[in-house]
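Working notes, beginning with the structure itself.
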Amino acid sequence: MAEEADTGVSSRAERKALEKAKILQRESERKIFRLVGRVLKKPEAERSEEEASVLLLHRDTVEEHCKRQVRRNVLKRKQEEVFDDADELKSKVRQLAAAVKQANHLVVYTGAGISTAASIPDYRGPNGVWTQLQKGRTVSSSDLSKAEPTLTHMCIRMLHKEKMVKHVVSQNCDGLHLRSGLPRNALSELHGNMFIEVCTSCSPVREYVRLFDVTERTSLHRHGTGRTCMHCCGELRDTIVHFGERGTLEQPLNWKGAAEAAKMADVILCLGSSLKVLKKYACLWCMNRPASKRPKLFIVNLQWTPKDDLALLKINGKCDDVMSLLMEELNLQIPVYKRAEDPIFCLATPLRPEEVNSHTREVIAPPDGQQDRSADPGRQAEEATAVQGGWFGRGYGKGRKKKKAT
Ligand SMILES: [Zn+2]
């Protein structure tokens, strides 16, 4: 017994001593690491003999420092904005124009970079709209409601009209593609649309387009907007897909359209997206195909993207600059956004009188000469059904057939 107790005591003492030694060891390693770091920061000529010998003595630590520096440099380079000079930009856009002309099925992927000219902040940055909403904070909405489609949005719409662009897959929730006049069946808003709220109790899902940001009270996993469905009185929800959520709504996300487009795509043009989120959606990239069968990838972005190495061409320019050069190359006019032609005014369902005060967000002012239709209850019912049909609800493929029949 006594012997056992003795060993118990001695092994405990040993363990303690061992632990202490380990702590001291780590402490001394840290000291050396800092010392080596300090020495390395000095220009070689200014190092004392003693300092030089420290480096020789701790080669592993020196190596670790160098590795870390390389990693820091890579990270820094990825965040830097790079601009091609005017000549390079022009020659790159010429290559892009040739690809656009030759493409059988060009699909465009867009991110926050195409809306910054409309003074919309990016969504996922530290001060981005999405981050703020996720934290349950409200965001000043005046910028969002005042924003209008940019030159890039208008060019994309024109390219679609000219049958050069077949489908647009957007990460933006600002609704500007829709407002540019791009038909909804040519659009997938993967992260939702801030102007659209839906009733998921109705089957098919019933959609309400509004003239204001409906996400005022919503956040991660909390999608109720506080308004109710005109038909079943169920609570309406927004269509926004937050980071970490899986978007399952058919519209406006239109995953089916996005996946079909990617399958057919022979050219993919990425505009103003860091692609950090998009890269996770494997079905958008067709990278399981042999290299020669993959779509040709063109990327327009000022910063590094994880797809740069796979791109046929990376264009370091602002989207509006690149698109206006592209239109010039293609000999196409850039359409000007006209509020009177903004489809959102036709798509919108006016609020019922008792819901007029259900939000505090700024309303997109109707174009001059158009009446505020919220005061016209007769038209209200008509609009509600008009939005219902078509591609919305059970998938746009089915909806399109229905549309053709009528
Ligand atoms: Zn309903």
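The values are calculated or read from the model by the stated rules, or taken from the named source; none is laboratory data. Bear in mind that the values here come from a model prediction, so they are computed numbers and not experimental data. Note that we place each Cβ from the backbone using ideal geometry, even for glycine, and neighbour counts take in every protein chain shown.
Take Glu81 and tell me if it is modelled with pLDDT under 95 and over 26 Å from Gly272 (Cβ atoms).
no
Filtering the stretch 215-225 down to residues that are within 15 Å of the ligand (Cβ to nearest atom) and closer than 27 Å to Glu148 by Cβ, which residue is surrounded by the most Cβ atoms within 10 Å (Cβ to Cβ)?
Here the residue is His223.
State whether the residues of the stretch 48-68 include one that is out of contact with any His (no Cβ under 7 Å at 6 or more places or on another chain), within 27 Å of Leu275 (Cα to Cα) and not hydrophobic (A, V, I, L, M, F, W, C).
Yes; the residues of the stretch 48-68 include at least one that is out of contact with any His (no Cβ under 7 Å at 6 or more places or on another chain), within 27 Å of Leu275 (Cα to Cα) and not hydrophobic (A, V, I, L, M, F, W, C).
Tell me, which residue of the stretch 172-186 that is surrounded by 22 or more Cβ atoms within 10 Å (Cβ to Cβ), assigned to a loop (DSSP other than H, G, I, E, B) and in contact (Cβ under 8 Å) with a residue 60 or more places away in the chain is farthest from the ligand (Cβ to nearest atom)?
By that ranking, first place goes to Ser180.
Do you know which residues across the stretch 320-347 are modelled with pLDDT of 95 or more and small (Gly, Ala, Ser)?
Of everything in the stretch 320-347, just one residue is modelled with pLDDT of 95 or more and small (Gly, Ala, Ser), namely Ser324.
For the stretch 232-262, what are the residues that are within 16 Å of the ligand (Cβ to nearest atom), out of contact with any Cys (no Cβ under 6 Å at 6 or more places or on another chain) and more than 18 Å from Glu216 (Cα to Cα)?
Cys233, Leu249, Glu250, Gln251
Can you tell me which residue among Arg222, Arg184, Arg227 is within 25 Å of Ala340 (Cβ to Cβ) and of a type in the set (Lys, Arg)?
Arg184
For the stretch 323-360, give me each residue that is among the acidic types (Asp, Glu), in contact (Cβ under 8 Å) with a residue 60 or more places away in the chain and part of a helix (DSSP H, G or I).
Matches in the stretch 323-360: Glu329, Glu341, Glu355.
Can you tell me how many residues within the stretch 187-206 are outside any loop (DSSP other than H, G, I, E, B), in contact (Cβ under 8 Å) with a residue 60 or more places away in the chain and near the ligand (Cβ under 10 Å from one of its atoms)?
Result for the stretch 187-206: 1.
At negative phi, of a type in the set (Val, Ile, Thr) and in contact with a Pro (Cβ under 6 Å, 6 or more places away or on another chain): is that true of Ile196 in this structure?
yes
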